[in-house]
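Structure record follows, encoded as structure tokens.
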Amino acid sequence: MGEKLIIANWKSYLSLAESEDLTRELANYVKNKKKLPELVLCPSYPALLTVNKIIEKNSKISLGAQNMNWREKGPFTGAVSPIMLKEVGCEFVILGHSERRKHFREENLDIHHRLRLALEQGLIPILCVGETAEERRAGKRDDVVREQVSESVGILDINEDDRIIIAYEPVWAIGTGDAVEPDDAVHSHQVIRQTIIDAFSELEYNKNFQIIYGGSVDPDNIEGFLEHDIISGVLVGSASTKEEKFKEMIEAYINR
Ligand code: PGA
């Protein structure tokens with residue numbers, strides 16, 4: 001699969017005006033670039049339509065949402081359906097982010113339902129998995145990641161054209177400035193890869209899956225992750241909300 005991914009997760013950081021300004025800057029910035037990573041912006045729900053209006057004429061940037069409901073429509077107050085996400089131009093959707101698991105109590109089975117519906121609706125899911133500091137200290141990191149992958153993805157039926165991105169995001173590395181060492185991330189990528197191969201096959205892994213790293217990625221450490229073949233890109237929170245840092249990360253990719 002082509003270029004590596006830089007996926008920006010703007011969480012609840014940016015206002016509508018700030019999302020609009022940053023998108024405009026980025027769209028201008030990438031306009032004349034020949035080589036680029038695959039760029040995906042995931043703004044807050046209220047900013048999706050505005051961001052899409054800016055990028056829709058610019059095939060170099062795609063749109064993603066930060067979550068979605070596990071049902072298409074109905075009496076689900078406060079929930080956003082994948083059909084609505086597609087209407088505003090989303091191609092990608094983040095699922096199972098550790099902040100969703102922690103603050104909103106989402107569990108592997110809910111995440112599985114969302115994943116299945118996302119694929120049915122033609123969205124590309126970005127499934128987040130990763131261990132807490134406590135789980136790592138207890139020597140359980142591989143088991144936790146294996147379980148999260150098996151319980152949400154392993155029981156899916158996948159079709160030929162499905163594309164599924166799995167983001168290894170150790171919880172303790174998110175928003176702390178304390179990214180894992182690239183070699184350490186590679187280890188978890190291998191665990192995820194093997195879990196997928198065991199559940200499906202090597203052929204399907206190669207065709208349908210990509211694994212990326214997330215957790216305190218910034219302009220100084222991005223290269224260390226992107227240089228590994230098994231790491232197909234990065235999911236970036238805080239650093240992607242700052243124009244200069246975002247541009248530096250794109251440059252780091254271009255100059256590899
Ligand atoms: P961070 O967030 O880059 O701010 O650590 C990453 C994420 O939560 O996806």
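The values are calculated or read from the model by the stated rules, or taken from the named source; none is laboratory data. Quantities reported herein were computed from a predicted structural model and do not represent experimental measurements. Reconstructed Cβ throughout: ideal geometry from the backbone, glycine too, with neighbour counts over all protein chains shown. SASA here: full protein model, heavy atoms, side chains in, ligands and nucleic acids out. Shrake-Rupley method; radii C 1.70, N 1.55, O 1.52, S 1.80 Å.
Keeping all protein chains in place and using 1.4 angstrom, which order do TYR213, TYR205, TYR13 fall into by accessible surface area, from largest down?
The ordering from most to least exposed comes out as TYR13, TYR205, TYR213.
Can you pull the semi-axes for the range 107-228, root of five times each eigenvalue of the Cα gyration tensor, sorted largest first, whole Å?
24, 16, 14
Going Cα to Cα from LYS35, which lysines come in below 17 Å? Please leave out same-chain ones fewer than 8 positions away.
LYS4, LYS60, LYS247
Taking 8 Å as the Cα distance limit and 6 or more residues as the minimum spacing, I'd like the relative contact order of the chain as a percentage.
Reported as a whole number, the value is 19 percent.
Based on the alpha-carbon gyration tensor of the range 117-158, what equivalent-ellipsoid semi-axes (square roots of 5 times the eigenvalues) come out, in whole Å, largest first?
Semi-axes, largest first: 26, 11, 5 Å.
Semi-axes of the equivalent ellipsoid for the chain, please: Cα gyration tensor eigenvalues, times 5, square-rooted, ordered largest first, whole Å.
25, 22, 18
Roughly speaking, to the nearest percent, how much of the range 1-151's 1.4 Å accessible area is carbon and sulfur?
Solvent-exposed carbon and sulfur of the range 1-151 make up 48 percent of the total.
Given H placed on each backbone N at 1.01 Å, which residues far from VAL236 in sequence or on other chains put an amide H within less than 5 Å of it?
Hits under the 5 Å cutoff: ILE7, ALA8, ASN9.
Measuring with a 1.4 Å probe in the full set of protein chains, what accessible area per residue, in whole Å², belongs to the chain?
Heavy-atom accessible area per residue stands at 47 Å².
How high is the relative contact order of the range 70-139, in percent, counting Cα pairs under 8 Å that sit 6 or more residues apart?
Result for the range 70-139 is 39 percent.
Identify all aspartates and glutamates with a Cα-Cα distance to LYS102 below 16 Å; exclude those on the same chain that are fewer than 8 residues away in sequence.
Within reach: ASP110, GLU131, GLU134, GLU135, GLU169.
Run the numbers on the range 199-244 and let me know its relative contact order in percent, using alpha-carbon pairs under 8 Å that are six or more apart.
40 percent.
Specify which residue in the list SER15, ILE166, PHE104 is farthest towards the positive end of the charge dipole of the chain, using unit charges on the beta carbon of Lys, Arg (+1) and Asp, Glu (-1), about the Cα centre.
Farthest towards the positive end: SER15.
How much of the pair distance distribution for the range 140-204 lies past 16 Å, counting alpha-carbon pairs only, in percent?
49 percent
Kindly report, to the nearest 10 Å², the accessible surface of CYS42 as traced by a 1.4 Å probe over protein heavy atoms only.
Roll a 1.4 Å probe over it and CYS42 shows about 0 Å².
Could you go through the range 191-200 in sequence order and give the Karplus-derived ³J(HN,Hα) for each residue, using 6.51 cos²θ - 1.76 cosθ + 1.60 with θ = phi - 60°, rounded to whole Hz, and x for Gly and Pro?
The phi angles translate into 5, 5, 4, 5, 4, 5, 4, 5, 7, 10 Hz.
Please work out the Cα center distance from the range 54-70 to the range 184-247, rounded to the nearest Å.
19 Å
What 222 nm value per residue comes from the helices of the chain, counting each DSSP H run with n ≥ 4 as -39,500 (n - 2.57) and dividing by all residues, nearest 500 deg cm²/dmol?
The helix-only estimate for the chain comes to -11500 deg cm²/dmol at 222 nm.
Whole percent per 10 Å bin, from 0 to the bin with the longest distance: what is P(r) over all C-alpha pairs of the range 160-254?
Pairs per bin, as whole percents: 16, 46, 28, 9, 0.
Tell me, what is the Rg over Rh of the range 1-84, with Rh the Kirkwood radius over Cα pairs?
Answer for the range 1-84: 1.01.
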